[in-house]
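For reference, the structure discussed in these notes is given below.
What follows is calculated from the coordinates using simple rules that are stated; it is not laboratory data. Values in this document were obtained by computation on a predicted structure and should not be read as measured data. Please note: Cβ atoms are built from the backbone with ideal geometry, for glycine as well, and neighbour counts cover all protein chains shown.
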Amino acid sequence: MKSISLYKDKGTWLNLMHPYTKLLYIVAAISIPLIGGKLWLFGVLIAASLVLLASGKVLRSAVPLVAFSATLIIVIFLIQGLFNHANAEALFSVGPLTFYKEGVLFACRLGLNILNMLLSFAVFVLTTSPQELVDEMEKNGFSPKFGYIINSVFQILPQMMMTKDTITDAQRSRGLETEGSLGVRMKAFIPLISPVVMSSLVNTRERAIALEVRGFGRKNKKTWLEDRPKHKGDRVIGVILVLLVVLTIAGRVLGWL
Amino acid sequence: MAKIFKTKLTAATIVLIPACIGINYLGKLFASLLKLPLWLDSIGTCIGACLGGPIIGGLCGAVNNIVFGLTTGDNITLIYALTSLGIGIAVGIMARCGFMKSFPKAMLTAVVGGTAAVCISTPLNIMFWGGTTGNVWGDALFAITQAKGMSVGMGSFLDELVVDVPDKLLTLIIVYLILKGLPQKLTSLYDVNAEIERLD
Amino acid sequence: MALINIENLKYKYPGTDRLALDGITLSIEKGEFIGICGRNGAGKSTLSQAIIGLVPQFYKGAYGGKVEVDGVNCESRPVIELCEKVGLIFQNPFNQLTGAKETVYGEVAFGLQNLAIERDEMKKRIETVMKQLDIWQYRDRNPFDLSGGQMQRVAIASVLVMEPEVLILDEPTSQLDPQGSEEVFRVVDQLSESGITVIMIEQKLEKLAAYCDRIILMDDGKMVDFDTPEKIFSRADLEELGVQPPVFTRIAKEYGVKNEAGDYPAKLEDTVRLFQEKGVKPVRAARAKAEAAAEVFNIDQMSFSYTEEVQIFNELSLKLDRRATAIIGQNGAGKTTLVRLLKGLLKPAGGNIYYGGEDISGKTVAMLADKVGYVFQNPDDQIFKYNVLDEVMFGPLNIGMAEDKAKEEAVRALAMMGLEGKEDKNPYDLDLNERKMVAIASVIAMNTDVLILDEPTIAQDYRGKKLIGEMIKNLTEQGRLVIAILHDMDFVDEYFDRVIVMAHGEVLCEGSADEVYSMDAELEQARLHKPHMRQLLELLS
């Protein structure tokens, strides 16, 4: 079955780290430059994320994620560089368009922030199994009902995706046109989406029964098959990350930054 | 008021959520297969809201974006979890108040849902990307408003408005048509007020 | 005291007027193997779900009388607690997976985690049960990647680890292919010997006869009879109640062979013994052979593959004429791929397919829509209208039929599939077997020259199979070509003039049913069984 998750177990140290530690990294990576307020801080953290991705052997997998945000970043540069209300000092011109320093700087800040967020998320997403995260959260008192919701999406979605082609074929077999003018295509939407909705809702009834007869929703505390092996690094890294954030706040308050 | 939010987290309503997220996804997939100019990616959230109420609707929306954010690593989606949550809650409240019972009422629900989406997305757009949305038409409009010197807030609001409201209108039309055809066997499962009658 | 006690049980689903269960009283002893039979809609599943409390707790509705398991009231004790005493397995293997676990091992553990069983005990139980059901080797696989038969065994395992006192099997093999069914019945075999109380609903009555101590016969929400298999299947009114007796009973009836108690035998060994004792040798008249008429499809050295590595067809050549044709073979033989190519949903990579002398490779699915009709296996992949009539009219209208004509065709097709009077119903308020009939009718109404059916008999009872069989005869007499992919050998034997056996993308053999079912070597190679009646006749002669 094709998984929708980007996670792959590469056996690196990042796979062994506790999901919480990696979540803490995201928080630190995003908040430090925003608190510190200096552009170079973005650079430091983007570099840190890149190093982490490389050490987790997932640098290549992160490329499509960054590419995905490229259009957004370009649009931001265009609009802010050309039209930002604070624009005063012309930076350069391309034909009739003049880019201004203030707008471009603002766009830089936004663009770097997007990149920083994307990469720190990539560190987490590419190295953490979603089921592991949910299991850990449940062990810490997170509701098993919500845990189920998140876990099941990963399993049920690929199944529903596979019905796409079957439904399209079944309706085309009955003469449904899926190509042509916008009107024709609009009309084809209901015969395609309706069977998905109806059959998945009908299926939910059986799945709900299957869960109830397996005792899902009991008030007692669940038991677990495994404990997660503890990793020394988790505590050390956690402490360092918290210290760095505190340091940044202190720096800002005391005016070092 | 309490009644509007009344929710039983039974197995039936819980399994509704992943199904609705799947519907969201397939809606988007079919829309792109048919080359329709809209997203149509919140059909499931709206169905969840209409069947299960605002809490389930909100959950469908939020979990949808959280899961896609976490799997695809696309934190742009993740940020808009708030918007999806808002749509689910707004549509759920409207549905519980009877605003899905006729076509004109459903259109009103669409406007409310669309407005909720716009009101939540606009501040996010401004905060994270200076007002743009990533949608070609909306951003073209935003560029024009900025060139004409309109405020960032107003421009971004319009940017989001032209994208979200038509999308939600069409989404709710589809949801209305689908729900009209739901068999009673199913709708009775989500009836929070159902009681067991005695026959003897 | 009996383990299960049911007293005057009545039940109505919400929003309906009909009593789904009407005054049922019975008791079941510990360790008994009980069967439930009756036509679709008789109330079999409803009764079984009342024993685990889903009726009324899950469905709500109106309830009367009392159900007790081991002294526990099933109306009021929550299902999530009652599941420690009663386990339930139902038809669709796929929907029984929780959908929250990435491995088969985790899937089986799900219930135990909820019951808060200690870790060591949990692991011990899982390993024992998984090994017993022969699924231990799949423990690290994703449960969704398994075949239907494997999934169904995982479902049984995940209930068995919870160690219930009663196990309910609601048509556990009705949606599986023959190999999968056999895997599951092998498990049922073990269960019947283990001493656990089992309640099994099943349309394959040969199986009920083989396992059951007693059988509950139901009709219209009432219990008609509750007795031994021999007594139940010897009833003269059985077919009127929509139940066809097992082949053993049928043949014994035909030759008047009764056992000591004056009933007809219901089990294989009893039948063979009685026939031998009485010295009766049944013979079967060969069927009149249908002549090959004008060719409809000509598949000429056609090759096809989905991916570059795996070739499905390599220069396959086959001609199809107007005889009703059944395509049989194990899963993965290429049956569905072949009919999809005929329908134009897939395009051959090499060679040609001619329909009526014309090459179809240049035609789109839409262009073939009014010539070749195709009923998909799962009706839920196509049904989208609010009522049955509109659903059936969708295809005819799409291919340009006038409204009146489309309605006329739709009404006729619905009547043919036994759905008269249900035109205004919401298709999703019907049961799966009826939804399948709607899907078949929706393609018949398009009045196509060719009709392709993918597994039409799954989930059908005796009446449903008969309706489909009559429809096939009917269309063939009208000169239309019916092609069906089937796993049900008895059905193939009864209604088809031509049988094509496929394995690994090749046609192993073909001919009339009489010819094909006497080719032992080819059937073995295709891993197919002979129809029950033929097996029995061979044994008896």
- Query: Hey, rough spin-label estimate for B:GLU195 and C:ARG463, points 7 angstrom out along Cα→Cβ, what's it come to in nanometres?
  - Reply: 3.6
- Task: Can you tell me the dipole magnitude for the stretch A:98-257 around its Cα centre, using point charges on the Cβ only (Lys, Arg +1; Asp, Glu -1), in Debye to the nearest 20?
- Result: 440
- Message: Calculate the FRET efficiency for A:MET161 and C:TYR306 from the Cβ-Cβ distance with a Förster distance of 22 Å, rounded to the nearest 0.05.
- Response: 0.80
- Query: Looking at chain A, do any whole DSSP H helices span at least 18 angstrom along their long axis by alpha carbon and average -0.5 or above on Kyte-Doolittle, and which?
  - Reply: A:19-36, A:39-55, A:59-83, A:101-125, A:144-173, A:182-212, A:232-254
- So for chain A, using the alpha carbon gyration tensor with a ≥ b ≥ c as root eigenvalues (a/c under 1.5 gives rounded; past that, a/b versus b/c decides prolate or oblate), I'd call it oblate
- Task: Please work out how much length the chain gains when fully extended from C:ASP213 to C:ASP237, using 0.36 nm per residue of separation minus the C-alpha to C-alpha distance, in nm with one decimal.
- Result: 6.5 nm
- At 222 nm, what helix-only mean residue ellipticity would the protein assembly as shown give, in deg cm²/dmol to the nearest 500, using -39500 (n - 2.57) for each DSSP H run of four or more? -16500 deg cm²/dmol
- In which sequence would C:SER48, C:SER194, C:SER158, C:SER181 go, from the one with the fewest C-beta neighbours within 10 Å to the one with the most? C:SER194, C:SER181, C:SER48, C:SER158
- Query: Per the Kirkwood treatment, what hydrodynamic radius in Å, one decimal, follows for the protein assembly as shown from the mean inverse distance over all distinct Cα pairs?
  - Reply: 31.4
- Message: Principal axis extents for chain C, Cα atoms only, whole Å, descending order, please.
- Response: 73, 58, 50
- Cα centroid of the stretch C:109-137 to Cα centroid of the stretch C:299-353, whole Å: 43
- Message: Ratio of alpha-carbon Rg to the 2.2 N^0.38 Å globular estimate for the stretch C:242-336, to two decimals, please.
- Response: 1.81
- Treat each spin label as a single point 7 Å out from the Cα along the C-beta direction, and report the A:ARG60 to C:THR228 distance in nm. 7.1
- Pairwise label distance in nanometres, B:LEU177 with C:LYS123, each label 7 Å out on the Cα-Cβ vector: 5.6
- Here the tail fraction of P(r) beyond 18 Å, over all Cα-Cα pairs of the stretch A:31-81, rounds in percent to 52
- Item | Dipole in debye (nearest 20) - the protein assembly as shown, about Cα centre, beta carbon charges: Lys, Arg +1; Asp, Glu -1 | 3360
- Plugging the Kirkwood radius over Cα pairs into Stokes-Einstein for the stretch C:4-243, at a temperature of 20 °C and a viscosity of 1.002 mPa s, what D comes out in µm²/s? 117
- Scanning chain B for helices, which whole DSSP H stretches are 18 Å or more long along the axis (Cα) and average 0.5 or more by Kyte-Doolittle? B:11-33, B:54-72, B:81-96, B:103-129, B:152-180
- Please check which bits of the stretch B:163-178 a label hung off B:LYS101 would reach, taking the label as a point 7 Å along Cα-to-C-beta and the cut-off as backbone N under 14 Å. none
- For chain A, with a Gaussian network of springs between Cα atoms less than 10 Å apart, report the residue from A:GLN171, A:GLN80, A:GLN131 with the top mean-square fluctuation. A:GLN171
- Task: Please work out the C-alpha center-to-center distance from the stretch A:18-35 to the stretch A:183-207 and express it in whole Å.
- Result: 41
- Query: Build a GNM of chain A with springs between Cα atoms under 10 Å: which of A:SER181, A:SER194, A:SER173 gets the top mean-square fluctuation?
  - Reply: A:SER181
- Provide the FRET efficiency to the nearest 0.05 for the C:ALA415-A:ARG218 pair, computing r from the beta carbons and using R0 = 56 Å. 0.65
- Query: Gain in length, C:GLU260 to C:GLU403, computed as 0.36 nm per residue apart minus the alpha-carbon separation, to one decimal in nm?
  - Reply: 45.2 nm
- Item | For the stretch B:1-107: rounded, prolate or oblate by the Cα gyration tensor [a/c cutoff 1.5] | oblate
- Task: Note down the net charge around C:ALA294, summing +1 for each Lys or Arg and -1 for each Asp or Glu among other residues with Cβ under 9 Å from its Cβ.
- Result: -1
- Query: Which is farthest toward the positive dipole end of the stretch C:4-243 among C:GLY99, C:ALA236, C:ILE4, measuring Cα position about the Cα centre, with Cβ charges +1 (Lys, Arg) and -1 (Asp, Glu)?
  - Reply: C:GLY99
- Going by how many other beta carbons lie within 10 Å of each one, how would you line up B:THR133, B:THR109, A:THR168, fewest first? A:THR168, B:THR133, B:THR109
- Query: Hey, how many Å between the Cα centroid of the stretch B:124-146 and the Cα centroid of the stretch A:62-129?
  - Reply: 13
- Message: Can you find, among C:ALA62, C:LEU346, C:GLY356, the residue sitting farthest towards the positive end of the charge dipole of chain C, where Lys and Arg contribute +1 and Asp and Glu -1 at Cβ?
- Response: C:ALA62
- Kirkwood-based Rg over Rh for the stretch A:179-257 (C-alpha set), two decimals? 1.38
- Net dipole in debye of the stretch C:118-246 [+1 Lys, Arg Cβ; -1 Asp, Glu Cβ; about Cα centre; nearest 20]: 520
- Message: As a footprinting exposure proxy, order A:THR128, C:THR249 by other Cβ within 10 Å, with the fewest listed first.
- Response: A:THR128, C:THR249
- Go ahead and run the numbers for FRET between C:ASP189 and A:LYS10, Cβ-Cβ distance against an R0 of 51 Å, rounding to 0.05. 0.70
- Message: Could you compute how fast the stretch B:11-189 diffuses translationally, taking Rh as the Kirkwood radius over C-alpha pairs and applying Stokes-Einstein at 20 °C with viscosity 1.002 mPa s? Give it in µm² per second.
- Response: 131
- Using just the C-alpha positions of the stretch A:8-148 as equal point scatterers, what log10 of I(q)/I(0) does the Debye formula give at each q in 0.10, 0.16 1/Å? -0.45, -0.89
